[in-house]
1. Give the number of residues within the stretch 15-36 that are modelled with pLDDT under 70 and surrounded by 13 or more Cβ atoms within 10 Å (Cβ to Cβ).
2. So which residues in the stretch 161-182 are out of contact with any helix residue (DSSP H, G or I) (no Cβ under 9 Å at 6 or more places or on another chain) and in a helix (DSSP H, G or I), if there are any at all?
3. Quickly run through the stretch 86-105 and pick out the residues that are modelled with pLDDT of 90 or more and touching a helix residue (DSSP H, G or I) at 6+ places or on another chain (Cβ under 8 Å).
4. Assuming residue 128 fulfils every condition listed in (1) without any contact (Cβ under 8 Å) to a residue 12 or more places away in the chain; (2) not in a helix (DSSP H, G or I) apart from one, which condition is it?
5. Please verify whether the stretch 37-52 includes one or more residues that are on the phi < 0 side of the Ramachandran plot and modelled with pLDDT of 90 or more.
6. Look at residue 121 and say whether it is crowded, with 18+ Cβ neighbours inside 10 Å and within 14 Å of the chain's Cα centre (by Cα).
7. Would you confirm, using the coordinates I've provided, whether residue 138 is in a helix (DSSP H, G or I) and in contact (Cβ under 8 Å) with a residue 24 or more places away in the chain?
8. Tell me the residue from 89, 158, 147 that is under 26 Å from residue 181 (Cβ atoms), touching a residue at least 12 places away in the same chain (Cβ under 8 Å), over 17 Å from the mean Cα position of the chain (by Cα) and not in a loop (DSSP other than H, G, I, E, B), please.
């Protein structure tokens, strides 16, 4: 059943926060950190992103929030995911070109990592005996390969764009999270 206390409030809230900080980061940087050439290459990235965002929002409209212990655990995990994304956008805002400092020293893809953690938290926030909770869990399980697919496409694009400097970055920095190899 659709309601104000369903998961969509947290889902939409996360996107509003992310979009606001992304807008700030792009202004501070003076250029978008998302490469338009990558986003619109073959239109499959944009189509995938729109399907993923809209699909998740629709499911979240019907997913009730569980205000038990899983709510607080999930909320903490979602906040941690958003914090990782915010750190990545902050790093982008203070760099131009290939960003390899701050959080990007420990993850080549901290925004994708942050989104995955954010959605894990949302899955826990909305976990109940509702069929919509199971559908959101399925959405979460689809999100992980979708984010990985996008990561692989982006790495291929950035290799072409930055050449050897990106190849060095690939060798020295973990894809999702870990200690640098240098």
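The values are calculated or read from the model by the stated rules, or taken from the named source; none is laboratory data. These numbers come from a predicted model, not from an experiment. Positions of Cβ are generated from backbone atoms using ideal geometry, with glycine treated the same way; all protein chains shown enter the neighbour counts.
1. Result for the stretch 15-36: 3.
2. Once the filter is applied, which keeps residues that are out of contact with any helix residue (DSSP H, G or I) (no Cβ under 9 Å at 6 or more places or on another chain) and in a helix (DSSP H, G or I), the stretch 161-182 yields 164, 165, 168, 171.
3. Answer for the stretch 86-105, where residues must be modelled with pLDDT of 90 or more and touching a helix residue (DSSP H, G or I) at 6+ places or on another chain (Cβ under 8 Å): 86, 87, 88, 89, 90, 91, 102, 103, 104.
4. So the condition that residue 128 fails would be (1).
5. Scanning the stretch 37-52, I find no residue that is on the phi < 0 side of the Ramachandran plot and modelled with pLDDT of 90 or more, so the answer is no.
6. For residue 121, the condition - crowded, with 18+ Cβ neighbours inside 10 Å and within 14 Å of the chain's Cα centre (by Cα) - is met.
7. Spelling it out, it is not the case that residue 138 is in a helix (DSSP H, G or I) and in contact (Cβ under 8 Å) with a residue 24 or more places away in the chain.
8. Just a single option satisfies the conditions, and that option is 158.
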